[in-house]
Structure formats: C-alpha cells, structure tokens
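This report concerns only the one structure given below.
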Amino acid sequence: MTGTVLVLGASGHFGSNAAQEFATAGWQVRRWRRGTDMAAAAKGADLIVNALNPPNYHDWARLIPAITADVIAAAKASGATVLVPGNVYVYGREPGPWGPETPQRPVARKGRIRSEMEAAYRAATGEGVRVILLRGGDFIDPASEKSFLNMLVLKGVPKGKITAFGPPDVGRAYAYLPDMTRAAVALAERRADLPAFADIPFPGFAFSTLDLKRLVEAETGRSMRLSRFPWWLMRLASPFWELARELMEMRYLYETPHELSGETFARLLPDFRHTPLEEVIAAHPPVQAAKRG
C-alpha cells in the first residue's frame, strides 16, 4: 500500500534517506519547505515523516515541542499517519535490551524532552492520529561526510587511528540509515495493520569500539590504535560553546552498554534483510582511503 508522503527535514540524515527510499518504492514524495504552512503541505498526504531535528541540539526545550505540535496539527488536518524516527535517550541507564516494555527513565534533559515528545504523540492517538515510532541507535551513513563515524570515530583510520568516545569494550546501538529507512517504507506500507501508536525498535547493530577496530583491521589489513576522545576539551569549552555543552550531557551513552530489542521488528517484518555490518563499515570513505594507502 503506497501513497503520498510528506517528508519534513528532507535535507537531513534520516529525511534524505527516507525521501530516496520512498521514491524508490513508488511513493509520491513531497519535501516540506521550512517556513511554509505544514498543514497545507500535508493535505492529501497518506504519511508524514517527521525527520525535523534542530541542528546540534540547539534549543531543544522550545523547538521539539513546537515541531511536535505542528506535526500533530498537520496529521489531524490531513488524516495522514505520522512516522517519527525515535532514539534511545528516553531509557537512561535501564538494563537492556531496550524495547517497548522498557521503562522510560531518562537521565539527561534531552532524554526528558524526547520522552515528553513521545507522550504527546501517544496522547494524539486519542484524537484520531496514527503514529509509527521507529526507534534506532546512532545513525550510520557512509555517504554523509557529517556522520558520526565518518567525521569523528573513523576520521583517523588512514593514519592508523580510531577514536573511542568511551570505554572501548562498551557495546552501543547503531542504525544503518539505508536499512532503517527501507524498514520505514515497509512499515508505512502496512500501516493499516499496526496499532494506533506503534513503538517499533529497529535492532540494527550493536558493537563496541574494539569490535569496530577488528572490523577495520580485517578490511584494511592494517593495525589500528585507539585514541581517546578529549572530553576534557568539551568540558572546558562547554560554558562558551553550546554543542560542547550538549555533547557533555550525552556522554553517559558512551559509557552505558546498550542495544535495541529486535523482537517486535522481527514479528512485523520477518523477511527483512539487514545489510551485513562488515559491508557497512567497508563503505566508509576513511576505510576505503586506508585500503588505497
């Protein structure tokens, strides 16, 4: 069941991949332009993908609730289902694997903001809005120079270095964006069969920096050393630099082992095939450069 999708934030990581995957699957794709009437843009749409996110965590306390209210209003006016890429901030340090039954006990301000956002979407289902919350870990996008792995973790690979943001043996949840957005299309196409509020973890990958090191070494045939990210610089800069302050708040996630449960996802999309992790890591430009070097 295809249709028309309005993509909010179509120039961002999730939004650009989602627009591409929906178009490939035969959907009519509209890209919302900031500053225009969202409800008017959603008229006639079957699905709204809310990939809007203030860059660099800027002013989340004000902007996230405002975006959420606009999206809910547009969904009510159009009758469109809303698809939201969720994250793991809402769980704090709860034991994993994390899934729909895991208590939301955020330990950071941004986690509380996201938990309140999810509660607003859940409440809107009582007014006829249908919501798919597809929850993923840190995004992996080899095609984006600004992705976390390209820009920070793997940047030094051509020089034989990988940057660790926490204890190197701590496993963390990751979502390969082409796979996650392909899953978003598959779920949207069976939206009529889903509950009014569908909280669906995307299991993706869970790996540590040591696991990443072994993968890169196997791919490049070169030995890699681990370098610790200089959090002390972020601490010094945080009084003057918003991004440093916001990153410091989320440091706990690099020290907390976590992964997302795949139980719900496997039940809904039993035939979904994930891209192998080795293939995903090999596609990153720093890794390719190290192979050439």
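The values are calculated or read from the model by the stated rules, or taken from the named source; none is laboratory data. Keep in mind that what you see is a predicted model, and the values were worked out from it rather than measured. Heads up, the Cβs are rebuilt from the backbone with ideal geometry, glycines too, and the neighbour counts pull from every protein chain shown. What goes into the accessible areas is simple: the full protein's heavy atoms, side chains included, and nothing from ligands, DNA or RNA. Shrake-Rupley method; radii C 1.70, N 1.55, O 1.52, S 1.80 Å.
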How far is it, in nm, from the label point at ALA39 to the one at GLU127 when both lie 7 Å from their Cα along the line to the Cβ? 1.0 nm
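Can you give the direction-averaged projected area of the convex hull of the alpha-carbon atoms in the range 1-47, in nm²? Provide the component values of the computation, followed by the final result.
On the way: hull surface 12.2 nm².
Averaged projected area of the range 1-47's Cα convex hull equals 3.1 nm².
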At 1.4 Å probe size, with every protein chain present, just tell me what the per residue accessible area of the range 171-278 comes to in Å². 48 Å²
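Mind checking the per residue accessible area of the range 68-110 for me, 1.4 Å probe, whole number of Å²? Could the numbers behind the result be given before it?
Values: 1700 Å² over 43 residues.
I get 40 Å² per residue for the range 68-110.
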For labels at ASP193 and ARG105 in the simple 7 Å Cα→Cβ model, what's the distance in nm? 3.6 nm
Stokes-Einstein diffusion coefficient of the range 146-293, Kirkwood radius over Cα pairs, 25 °C, 0.890 mPa s, in µm²/s: 143 µm²/s
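State, as an integer percentage, the relative contact order of the chain based on alpha-carbon contacts under 8 Å between residues 6 or more apart. Intermediate values should be presented prior to the final figure.
Numbers: 547 pairs, mean separation 56.4, N = 293.
This gives 19 percent for the chain.
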Using only the alpha-carbon atoms, how far is helix 60-78 inclined from the longest principal axis of the chain? Give it as 0 to 90 degrees, nearest 10. 40 degrees
Going toward the positive end of the dipole of the range 172-271, with +1 on Lys and Arg Cβ and -1 on Asp and Glu Cβ, which of PHE205, LEU233, ALA173 do you reach last? LEU233
Cα-based Rg and Dmax for the chain, in Å, come out at 19.1, 58
If I fit a long axis through the Cα atoms of helix 177-188 and take the longest principal axis of the Cα atoms of the chain, what angle between them do I get, 0 to 90°, rounded to 10? 20 degrees
If R0 is 25 Å, what FRET efficiency do you get for LEU236 and MET151 from their C-beta distance, rounded to 0.05? 0.75
Points 7 angstrom from Cα along the Cβ direction at ALA66 and THR275: gap in nanometres? 3.5 nm
Give the relative contact order (percent, whole number) for the range 127-179; include only Cα pairs under 8 Å separated by 6+ residues. 41 percent
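Counting pairs of alpha carbon atoms under 8 Å apart in space and at least six apart in sequence, what relative contact order in percent does the range 185-293 give?
Details: 61 pairs, mean separation 44.4, N = 109.
That works out to 41 percent.
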For the chain, the accessible surface attributable to carbon and sulfur atoms (probe 1.4 angstrom, ligands and nucleic acids excluded) amounts in percent to 51 percent
By per-residue mean of other Cβ atoms within 10 Å, what is the highest-first order of 92-102, 197-207? 197-207, 92-102
Given bins 10 angstrom wide, list per bin the percent of all Cα-Cα distances in the range 56-164, short to long. 13, 34, 33, 16, 5, 1
What helix-only [θ] at 222 nm does the chain give? Using -39500 (n - 2.57) per DSSP H run of at least 4, over all residues, to the nearest 500, the answer is -11000 deg cm²/dmol
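Mind ordering 165-174, 248-257 by average Cβ neighbours within 10 Å, highest first?
Numbers: 165-174: 18.4, 248-257: 16.5.
Result, highest mean first: 165-174, 248-257.
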Heavy atoms only, probe 1.4 angstrom, no DNA, RNA or ligands counted: give me LEU247, LEU149 ranked by accessible area, highest first. LEU247, LEU149
